[in-house]
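The structure appears below as structure tokens.
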Amino acid sequence: MSVRILALVGSLRAGSHNRQLAEAAAKLAPEGAEVVLFEGLADVPFYNEDIDVEGAVPAAAAALREAAQGADAFLLFSPEYNGTMPAVLKNAIDWLSRPFGAGAFGGKPVAVIGTAFGQYGGVWAQDDTRKSVGIAGGKVIEDIKLSIPGSMTRFAETHPVDDAEVAAQLTEVVARLHGTAAEITAA
């Protein structure tokens, strides 16, 4: 069974280590799993009910919702900005939580991982992201965790896919998310 996992990256920086983690996850996905990176979070306007009107939703937000509706699971990558998740990731969660009661997360499995420069690898931001996406309707897999500290030095000259330890951990994360999504879809 094919499982489509939508990856949302909370960093817009061109050389983002979280984006590199997402790219690595896509390369390391097991057979039957497809990890697709959503491009365009920078274009999604801040959530505002005044512009979330059926038939007039901004194109970038509509594209995000369409990609999410077509996903079987989500893999969110969060760096840590001032002790919490980045605004771009929170904004995506807000758009995907609507319309109320019928948001795109709708009980689909979600894993939250990431890397940050600090000594804890962004755990506060990832915990906040788990909380937010759970409230938004996602089925957060609480025991899938991967917080990689020291990103600026660890990945200064090595892409995460070429770091054997990180590659093994990412492979396990994607395999577990794939397995959970396959079980839910089959049920």
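For this structure, a couple of remarks:
- Filtered by the rule that a residue be crowded, with 20+ Cβ neighbours inside 10 Å and out of contact with any helix residue (DSSP H, G or I) (no Cβ under 8 Å at 6 or more places or on another chain), segment 138-172 gives a lone residue, Gly138.
- Any hit, segment 155-170, residues being in contact (Cβ under 8 Å) with a residue 40 or more places away in the chain, farther than 26 Å from Ser2 by Cα and not acidic (Asp, Glu): yes
- Pairs linking a residue in segment 1-12 that is under 20 Å from Arg176 (Cβ atoms) to a residue that is at pLDDT 95 or above and of a type in the set (Asp, Glu), with Cβ atoms under 8 Å and 6 or more positions apart or on different chains, are Ser2/Glu34; Val3/Glu34; Val3/Asp72; Arg4/Glu34; Arg4/Asp72; Ile5/Glu34; Ile5/Asp72.
- The residue that is surrounded by the most Cβ atoms within 10 Å (Cβ to Cβ), counting only those in segment 89-107 that are of a type in the set (Phe, Trp, Tyr) and under 17 Å from the mean Cα position of the chain (by Cα), is Trp95.
- Among the residues listed as Asp128, Asp143, the single one being without any contact (Cβ under 8 Å) to a residue 24 or more places away in the chain and among the acidic types (Asp, Glu): Asp143
- Taken over segment 35-71, residues that are surrounded by 15 or more Cβ atoms within 10 Å (Cβ to Cβ) and either at pLDDT below 95 or under 27 Å from Ala167 (Cα atoms) (or both) amount to 8.
- Residue within segment 126-138 that is assigned to a loop (DSSP other than H, G, I, E, B) and out of contact with any Pro (no Cβ under 8 Å at 6 or more places or on another chain) present: yes
- One residue from Pro79, Pro30, Pro86, Pro58 being over 14 Å from the mean Cα position of the chain (by Cα) and in contact (Cβ under 8 Å) with a residue 40 or more places away in the chain: Pro30
- Counted residues, segment 72-87 - those being buried (at least 18 other Cβ atoms within 10 Å of the Cβ), farther than 14 Å from Ala136 by Cβ and among the hydrophobic types (A, V, I, L, M, F, W, C): 3
The values are calculated or read from the model by the stated rules, or taken from the named source; none is laboratory data. What you see is a predicted model; the values in this text were computed from it and never measured. Note: ideal-geometry Cβ built from the backbone for every residue, glycine included; neighbour counts use all protein chains shown.
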